[in-house]
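Reviewing the structure listed below.
The values are calculated or read from the model by the stated rules, or taken from the named source; none is laboratory data. Just so it is clear, the structure is predicted and the values come from calculations on it, not from any experiment. All Cβ positions, even for glycine, are placed from backbone atoms using ideal geometry, and neighbour counts span all protein chains on display. Just the protein is used for accessible areas: all its heavy atoms, side chains included, with ligands, DNA and RNA removed. Shrake-Rupley method; radii C 1.70, N 1.55, O 1.52, S 1.80 Å.
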Amino acid sequence: MIKELETLRQWVKESDNIVFFGGAGVSTESGIPDFRSVDGLYHQQYDYPPETILSHTFYRKKTEEFYRFYRAKMLALDAKPNAAHEKLAQWEREGKLRAVVTQNIDGLHQAAGSRTVYELHGSVHRNYCEHCHALYDAAYIRDSEGVPVCEKCGGPVKPDVVLYEEGLDTATMRGAVQAISHADVLIIGGTSLTVYPAAGLIDYYEGHKLVLVNKSVTPMDSRADLLVQGSIGEIFSRL
């Protein structure tokens, strides 16, 4: 891995147009479980599968049960940014990184100091009344009981996260596509690259410095110009 790290260091040093595209693996080292690993949420037992609970249909039909799961498993408000989050924020401050595109909803990139972040699946830190559109933070959801309701009009408060059966935000996707398509170096880390439409964003990259940083193999490994396998936090701490 020494040779791969040296190549990546050199590419980072020479570039002022890096884009990072990350998934759940970026946050697991901050103590947030992913969905598809052996210890992830998909392999735990509930009355309903997590992918069913986190669907638009379930949210509408069994809202209170949705929130019991959501508060217990999706609100990791004590989690702290790790070395990967910190390094990406540093690169942005140094004028090297243009954007972070993330599938995560935990807000850890912003907590580390990143400013240009395209959150494909939304954020637990944004919540809104479905009637009057008043905004609420994550603590409001955490501290409420049953179905959280708006203090202003009494309407139901919904997390601004993309549930199964819901489409991605058009403006967010547009920004992510533009950033990736214009990137000099595209670093992809901590994602299985199997969840669409997010995984399809790799197709917009037109450069020749595609870097994949993952613990395990992905369907896109053969397309990488540089493959670095290992813990993303450890790897980024060495850059």
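Some observations on this one:
- Sites Asp143 and Lys3 - FRET efficiency at Förster radius 45 Å, r taken between beta-carbons, to 0.05: 0.35
- Shown for the chain: the carbon plus sulfur share of the solvent-accessible area, taken with all protein chains present and a 1.4 angstrom probe, equals 49%.
- Summed over the residues of region 115-194 and divided among them, the accessible surface reaches 49 Å² per residue at a probe radius of 1.4 Å.
- Modelled spin-label separation between Asn17 and Gln229, with each label point placed 7 Å from Cα along the Cα-to-Cβ direction: 3.2 nm.
- The rule of thumb for compact globular proteins, 2.2 N^0.38 Å, goes into the C-alpha radius of gyration of region 85-239 1.17 times.
- Estimated FRET transfer efficiency when R0 is 30 angstrom, pair Lys80-Glu51 (beta carbons, to 0.05): 0.65
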